[in-house]
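Participant: Take a look at this one; I'll ask things after.
The values are calculated or read from the model by the stated rules, or taken from the named source; none is laboratory data. All values derive from a computational prediction rather than experimental measurement. Ideal geometry is used to build each Cβ from the backbone, glycine not excepted, and the neighbour counts take in all protein chains shown. Quick note on the areas: whole protein, heavy atoms, side chains included, nothing else; ligands and nucleic acids left out. Shrake-Rupley method; radii C 1.70, N 1.55, O 1.52, S 1.80 Å.
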Amino acid sequence: MEKTALIAGVSGLVGNNLAQHLCSHGWKVFGLSRNGKHLPEEVNPVTADMLNLSQLKEALVGIEPSHIFFASWLRQKTEKQNIEVNSSMIRNLLDAVCPSGSVEHVALVTGLKHYLGPFEQYAKGTPPTPFKESQPRLDTENFYYAQEDALFEASRHYGFTWSVHRPHTLVGYAIGNAMNIGMTLAVFGAICRETGQPFHFPGSATQWNGLTDMTDARQLASHVEWAALTPAAHNQALNVINGDIFRWKWMWERLAAWFDIAAVPFSGEIFPLEQQLAECASIWTDMAAKHDLKIDDINQLVSCWHTDADLGRGIECVTDMTRSRLLGFDPYRSTEASFYDLFERLRQERIIP
């Protein structure tokens with residue numbers, strides 16, 4: 001039987017890569033977003049605001065997915081508002097779709113803020129590493145917890161199985177999303193190559209010297225599909241990373257080499273990208289005209305605040321994936337290759353020169 005997916009947040013980094021993956025594996029895919037932009041060609045677009053239940057119900061009439069993949073969120077000014085808005089979105093979507101009885105499984109993608117804390121307290125504590133799914137929740141408000149609770153409540157009410165996926169920092173192709181370290185570093189590297197601006201690591205000594213890991217968006221897509229189709233992975237929270245570990249002092253030189261520039265030795269001083277790229281909007285506009293790039297507004301490409309927060313953490317971040325491995329998930333990716341694959345695609349599509 002044909003598997004039918006409804007992806008909430010299909011235009012984002014997670015949703016876009018998941019849609020491509022599922023389409024290539026024979027799924028019929030409906031992609032829900034607010035504007036219908038930047039969707040893979042094979043996706044059936046659905047446009048609606050998930051905060052508007054009546055609009056959702058109207059937009060989803062006749063669509064009966066076997067699987068729902070929730071990869072959407074909206075950042076608010078406070079964590080209390082994050083909780084209210086983001087839990088409402090998942091609750092509304094499930095209440096709009098699940099009464100038909102078609103939904104067998106719902107996957108929710110969150111992340112390591114489950115262990116590191118919400119935006120207002122991000123990486124302020126010293127959680128034990130490697131992060132394991134069995135660790136108790138932090139004693140603080142967190143919209144990831146609220147999303148999970150909304151999922152668990154709906155699962156009990158409607159009878160579907162669920163999975164929660166917790167990737168580390170994602171690297172992969174998407175345009176216009178809010179948290180994209182790969183795109184941000186691609187633009188930074190291209191500007192440094194064009195202008196001779198130094199390629200300074202923007203983060204902390206802990207991140208420069210310590211071990212860390214990342215998640216390729218394609219690895220996450222494989223993991224989400226695997227869990228949806230694997231009964232042993234149902235009703236489980238599951239970490240997901242590439243499988244390798246590295247130090248940024250090693251990775252930074254390799255990223256510099258791809259752009260044919262020199263990596264500046266780390267001095268111990270933090271150089272946030274918000275500072276390094278603060279005056280680069282006109283530079284990028286000129287580069288776009290010179291190299292015939294598709295997007296001339298740097299603000300549509302970079303998310304400096306997110307990359308600065310990620311690379312500026314003062315604590316170690318290493319993720320354990322034993323639970324998924326023991327349940328049978330074997331794919332492995334090189335994070336170095338994840339960056340190179342992204343940079344090559346961005347160059348081929350004339351996003352960077």
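Participant: Provide, as a two-decimal number, the C-alpha radius of gyration of region 177-336 over 2.2 N^0.38 Å, N being how many residues it has.
Facilitator: 1.18
Participant: Also, I was wondering about something else. Please report the carbon-and-sulfur percent of the accessible area for region 6-135; probe 1.4 Å, protein heavy atoms only, DNA, RNA and ligands left out.
Facilitator: The value for region 6-135 is 45 percent carbon and sulfur by accessible area.
Participant: Would you mind checking the radius of gyration and Dmax of region 55-94 based on alpha-carbon positions, in Å?
Facilitator: Considering region 55-94 through its Cα atoms, Rg and Dmax are 12.2, 37 Å.
Participant: What distance in nm lies between label points placed 7 Å from Cα along the C-beta direction at Phe119 and Arg137?
Facilitator: 2.0 nm
Participant: Once every Cα of region 1-151 carries one equal point scatterer and solvent is ignored, give the base-10 log of I(q)/I(0) from the Debye formula at q = 0.13, 0.19 Å⁻¹, two decimals.
Facilitator: The Cα Debye sum returns log10 ratios of -0.62, -1.14.
Participant: Let me ask something additional. Whole number please: convex hull volume per residue, Cα atoms of region 108-224, in Å³.
Facilitator: 149 Å³
Participant: For Arg313, Arg347, what's the largest-to-smallest order of accessible area, 1.4 Å probe? Write down the numbers at each step before the final one.
Facilitator: On the way: Arg313 10, Arg347 80 Å².
From most exposed to least exposed: Arg347, Arg313.
Participant: Putting +1 on Lys and Arg Cβ atoms and -1 on Asp and Glu Cβ atoms, find which of Leu229, Asn239, Pro272 reaches farthest to the positive end of the dipole of region 213-282.
Facilitator: Selected residue: Leu229.
Participant: I've got another one for you. Quick one: which residues, 5+ away or cross-chain, put their amide H under 5 Å from the amide H of Thr169? H built at 1.01 Å from N.
Facilitator: The answer is Thr215.
Participant: Give the dimensionless ratio obtained when the Cα radius of gyration of the chain is divided by 2.2 N^0.38 Å.
Facilitator: Relative to the rule-of-thumb radius for its length, the chain sits at 0.98.
Participant: Hey, what did the chain get for relative contact order, percent, Cα under 8 Å, at least 6 apart?
Facilitator: Values: 681 pairs, mean separation 64.7, N = 353.
Across the chain, relative contact order equals 18 percent.
Participant: For Asp320, Asp260, give me the order by solvent-accessible area with a 1.4 Å probe, most accessible first, ignoring ligands, DNA and RNA.
Facilitator: Asp260, Asp320
Participant: From the helices alone, meaning DSSP H stretches of at least four residues, give me the mean residue ellipticity at 222 nm for the chain, per-run term -39500 (n - 2.57), in deg cm²/dmol to the nearest 500.
Facilitator: Taking each H run of at least 4 residues, the total per residue is -12000 deg cm²/dmol.
Participant: Rounded to the nearest 10 Å², what accessible area does Thr230 have for a 1.4 Å probe in the complete protein model?
Facilitator: 30 Å²
Participant: For region 288-352, what is the per residue volume of the convex hull drawn over the alpha-carbon atoms, in cubic angstrom?
Facilitator: 134 Å³
Participant: Within 12 Å, Cβ to Cβ, of Trp250, how many net charges do the neighbouring residues add up to if Lys/Arg are +1 and Asp/Glu are -1?
Facilitator: 0
Participant: Can you grab the distance from the C-alpha centre of region 230-249 to the C-alpha centre of region 61-106, Å, no decimals?
Facilitator: 23 Å
Participant: Using a probe radius of 1.4 Å on heavy atoms only, what accessible surface per residue do you get for region 226-353? Whole Å² is fine.
Facilitator: 48 Å²
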